[in-house]
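Before any comments, here is the structure.
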Amino acid sequence: MQNIRNITDKILWVGASDRRLHLFENMFPVPDGVAYNSYVILDEKTAIMDTADSSVTRQYLENLTAALGGRQPDYLVVNHMEPDHCADIAELARLYPSMQIVGNQKTFGLMNQFYNMDLEGRTVAVKEGDVLDLGEHKLTFVMAPMVHWPEAMMTYESTHKILFSADAFGSFGALDGAVFNDENLDPHGLHSEMRRYYSNIVGKYGTPVQNALKKLSGLQINYICSTHGPVWHENIDRVVKLYDRMSRYETDPGLVICYGTMYGNTERAAEVVAAAASRAGLKDIVMYNVSKTHHSYIIRDVFRYRGLIVGAPTYNAGLYHEMEVLLSELAGKDIKNHCMGWFGSYAWAGKAVAKIKEWNDTRLHYEA
Ligand code: FEO
């Protein structure tokens, strides 16, 4: 059973969604699933843009077979070698023995690590600005190292002005029939899930994202075909601007208050802090109990709002474990340009507050 969609009359979406997965990368909740996008360009020469995750291989191969309509693909362009997109490379290489694989030097280094394949005579190594001519469609390669792996690149189709962006501009959330961002009423809050995807998966690499955006800045882009989430078509400027702001670590006025609490006392203190912030005129305040809300949602909002206040009790002569996890994850994201405060409560061991201060002093670019 095939399920394919047209992006243009000659470019087809052949991806698939996984709604059975609970945790993306075995870490991040995906209550609305996740889509693995791949595309086929039909021209004098035929190209496949990335593959898909092994969990959707069966659907993916049926889609691909239908899209190709009996043709042998000439090229597989590998923009990204993370396993959720490269899982089917070996199978495609076996199915289509005349197909050449297009990537950069680092792509093939990773491919050799992942697969025991003989690619002699089957690789096309490209570098910045190289053009692959398919006929009507011309593919220009844009290196995007560390967005968010070292080999990552994007491919710009210059005739119809379509950017195949790898993970960039990706989003959590399965596709519910629609493939374009303007086709449904956004029941999953795709902008919110795009923020959560960016902040948790790509967020550490703001500078490489900025470098990639600079390369794209002179290009007209009519469609952004990411490897996850919808194809962005309407309001592309808005999407690119959001990416620009997030990768500059720019924030909106607002406050995230997150707390650990064992018996509700630290939570009561958090409520007092929130009420004081509200009385002071702050409009956007969000509160999270770190034991109930996965840190990926909190990190999404920390990327969005300028203020962060954390509170926790002491546990095992240190920091309450769930808060330790959140702070560790935050430190790994290299977040900048925030205002931070902290508090705690204790009966007989007041170590938590000192631990939060120590974390702030040593690991983050925050203003206390
Ligand atoms: Fe969706 Fe970096 O892989």
Q: Note down all Cβ pairs under 7 Å where the first residue falls in the range 40-62 and is within 15 Å of Ile162 (Cβ to Cβ), the second is among the basic types (Lys, Arg) and open to solvent by 10 Å² or more (accessible area, probe 1.4 Å), and they're at least six residues apart or on different chains.
A: Ile41/Lys10; Leu42/Lys10; Asp43/Lys10
Q: Count, please, the residues in the range 166-185 that happen to be among the hydrophobic types (A, V, I, L, M, F, W, C), farther than 26 Å from Val102 by Cβ and within 16 Å of the ligand (Cβ to nearest atom).
A: 2
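Filter the range 1-17 down to the residues that are in contact with a Phe, Trp or Tyr (Cβ under 7 Å, 6 or more places away or on another chain) and farther than 19 Å from Leu92 by Cα, then identify the one that is least open to solvent (accessible area, probe 1.4 Å).
Pass one, the range 1-17, residues in contact with a Phe, Trp or Tyr (Cβ under 7 Å, 6 or more places away or on another chain): 4-5, 7, 11-16.
Within this subset, residues satisfying the condition of being farther than 19 Å from Leu92 by Cα are 5, 7.
Values: Arg5: 64, Ile7: 11 Å².
Within the range 1-17, the match that is least open to solvent (accessible area, probe 1.4 Å) is Ile7.
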Q: Residues being at pLDDT 95 or above and farther than 18 Å from Arg5 by Cβ: count how many of those fall in the range 220-239.
A: 2
Q) Of (1) assigned to a helix (DSSP H, G or I); (2) within 13 Å of the ligand (Cβ to nearest atom); (3) open to solvent by 10 Å² or more (accessible area, probe 1.4 Å), Arg195 satisfies all except one. Which? A) (2)
Q: Kindly indicate whether Tyr205 is within 23 Å of Val56 (Cα to Cα), within 14 Å of the ligand (Cβ to nearest atom) and of a type in the set (Ser, Thr, Tyr).
A: no
Q) Restricting attention to the range 40-55, which residues are assigned to a strand (DSSP E or B) and under 18 Å from the mean Cα position of the chain (by Cα)? A) Met49
Q.
Every residue in the range 18-51 that is away from the ligand (no atom under 16 Å from the Cβ) and open to solvent by 70 Å² or more (accessible area, probe 1.4 Å), please.
A. Arg19, Arg20, His22, Pro31, Glu44, Lys45
Q.
Name the residue that is farthest from Asp167 (Cα to Cα), counting only residues in the range 133-145 that are open to solvent by 60 Å² or more (accessible area, probe 1.4 Å) and assigned to a loop (DSSP other than H, G, I, E, B).
A. Glu136
Q: Go over the candidates Lys214, Lys292 one by one and state the one that is open to solvent by 50 Å² or more (accessible area, probe 1.4 Å), out of contact with any strand residue (DSSP E or B) (no Cβ under 9 Å at 6 or more places or on another chain), at pLDDT 95 or above and under 27 Å from Ser158 (Cα atoms).
A: Lys214
(Q) Please determine whether any residue of the range 89-108 is closer than 23 Å to Val14 by Cα, within 16 Å of the ligand (Cβ to nearest atom), among the aromatic types (Phe, Trp, Tyr) and surrounded by 14 or more Cβ atoms within 10 Å (Cβ to Cβ). (A) no
(Q) It is to be established whether one or more residues within the range 62-76 are within 21 Å of the chain's Cα centre (by Cα) and outside any loop (DSSP other than H, G, I, E, B). (A) no
Q | Pair list, Cβ < 9 Å and 6+ apart or interchain, from the range 318-340 residues that are closer than 15 Å to Gly206 by Cβ and assigned to a helix (DSSP H, G or I) to residues that are open to solvent by 10 Å² or more (accessible area, probe 1.4 Å) and modelled with pLDDT under 95 | A | Leu330/Trp359; Leu330/Arg363; Leu330/Leu364; Ala331/Trp359; Ala331/Thr362; Ala331/Arg363; Ala331/Leu364
Q) Restricting attention to the range 101-120, does a residue exist that is of a type in the set (Gly, Ala, Ser) and either over 27 Å from Tyr243 (Cβ atoms) or at pLDDT below 95 (or both)? A) yes
Q: Looking only at the range 269-318, count how many residues are within 14 Å of Met340 (Cα to Cα), in contact with a helix residue (DSSP H, G or I) (Cβ under 6 Å, 6 or more places away or on another chain) and of a type in the set (Gly, Ala, Ser).
A: 1
Q.
Quick check on my filter: what residues within the range 146-165 are open to solvent by 20 Å² or more (accessible area, probe 1.4 Å) and within 16 Å of the ligand (Cβ to nearest atom)?
A. Met146, Trp149, Pro150
Q. Taking the range 55-88 as the region of interest, how many residues are closer than 30 Å to His22 by Cβ and within 16 Å of the ligand (Cβ to nearest atom)?
A. 15
Q) Out of (1) more than 18 Å from Asn3 (Cβ to Cβ); (2) in contact (Cβ under 8 Å) with a residue 24 or more places away in the chain; (3) not in a helix (DSSP H, G or I), what's the single condition that is false for Glu91? A) (3)
Q) Pairs under 6 Å by beta carbon, first residue under 14 Å from Glu82 (Cβ atoms) in the range 139-158, partner more than 16 Å from the ligand (Cβ to nearest atom), six or more apart or different chains? A) Met153/Phe141
Q | Top-ranked residue in the range 52-88 [being over 25 Å from Val131 (Cα atoms) and of a type in the set (Asp, Glu); ranked as most open to solvent (accessible area, probe 1.4 Å)] | A | Glu62
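The values are calculated or read from the model by the stated rules, or taken from the named source; none is laboratory data. Given the structure is predicted, the values throughout are model-derived calculations rather than measurements. Positions of Cβ are backbone-derived with ideal geometry, glycine not excepted, and every protein chain shown enters the neighbour counts. Ligands, DNA and RNA are stripped out before the accessible areas are found, and what is left, the full protein with its side chains, is counted by its heavy atoms. Shrake-Rupley method; radii C 1.70, N 1.55, O 1.52, S 1.80 Å.
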